[in-house]
Amino acid sequence: MEKGSKFIGNAFHVKNIDKIEELLNDIRKKHHSANHNCYSYRLGIKSNEKFRLNDDGEPSGSAGKPIYNEFLKHNISDILLIVTRYFGGKKLGIGGLIKAYGYCAENTLALCKKKAVIFGQKIHFECSYTEHPLLLKEFNKIKIIKLDQDFKKNISIILEVNFGDEEKIIENVKNATSGKVYGKCEK
């Protein structure tokens, strides 16, 4: 409650926009007499990120953005968070709205179970010591999240790259080694 206004937060784990529309419609029906159903969603991360902010009639930047900022603050993705507001009769001003929506989003997220996710695609390579420099040369051409190498009879490499870069690096390594080394994505 803020100056008579009631704020209700609902958070959902989501993987696609169709599910987001379905959940938004469900909340709008459930809270059909509410003044605002402001939301933000974030799918994916970094170069694969898709997001949207919606103030649902509140002043621009006063509702959707503070919700989204909580995702960034806590490094959370694949989420839809809707804050429903029942107007209490007193205006809060833009600063008050930013504070109220951010506070509701923060408290809603605090109640959610969170699960760590892999931020990239892991690829496994097996190569000889002769081929190893060729792989490293190709790895230097892309952004690497993590590189683990195990040196035994052959070299076992686990490379983690941004989602979407895996096919390019696998193809580049295959070409650089004349088809001798293939990468295999981990599921």
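Read the figures in this text as sums done on the coordinates, not as results from a lab. Computed from a predicted model, the values in this text were never measured in an experiment. With ideal geometry, Cβ positions are generated from the backbone for all residues, glycine too; neighbour counts draw on all protein chains shown.
Data for the structure
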quantity: Odd one out for Leu53, checked against (1) outside any helix (DSSP H, G or I); (2) more than 18 Å from Glu106 (Cα to Cα); calculated: (2)
quantity: Qualifying positions in the range 31-47 - over 20 Å from Leu97 (Cβ atoms) and either small (Gly, Ala, Ser) or exposed (fewer than 13 other Cβ atoms within 10 Å of the Cβ) (or both); calculated: His32, Gly44, Ser47
quantity: From the options Lys153, Lys90, residue that is touching a residue at least 60 places away in the same chain (Cβ under 8 Å) and assigned to a loop (DSSP other than H, G, I, E, B); calculated: Lys90
quantity: So Asn75, is it of a type in the set (S, T, N, Q) and over 28 Å from Lys168 (Cβ atoms); calculated: no
quantity: Residues located in the range 115-136, provided they are exposed (fewer than 12 other Cβ atoms within 10 Å of the Cβ) and in a loop (DSSP other than H, G, I, E, B); calculated: Lys115, Ala116, Val117, Ile118, Tyr129, Thr130
quantity: Candidate set from the range 76-108 (those that are aromatic (Phe, Trp, Tyr) and under 25 Å from Val14 (Cβ atoms)); member that is surrounded by the most Cβ atoms within 10 Å (Cβ to Cβ); calculated: Tyr101
quantity: Yes/no for Leu43 being among the aliphatic types (A, V, I, L, M) and farther than 30 Å from Gln121 by Cα; calculated: no
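Residue by residue, here is whether (1) of a type in the set (D, E, K, R); (2) under 18 Å from the mean Cα position of the chain (by Cα) holds:
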{"site": "Asp18", "(1), (2)": "yes, yes"}
{"site": "Gly61", "(1), (2)": "no, no"}
{"site": "Pro66", "(1), (2)": "no, yes"}
{"site": "Lys73", "(1), (2)": "yes, yes"}
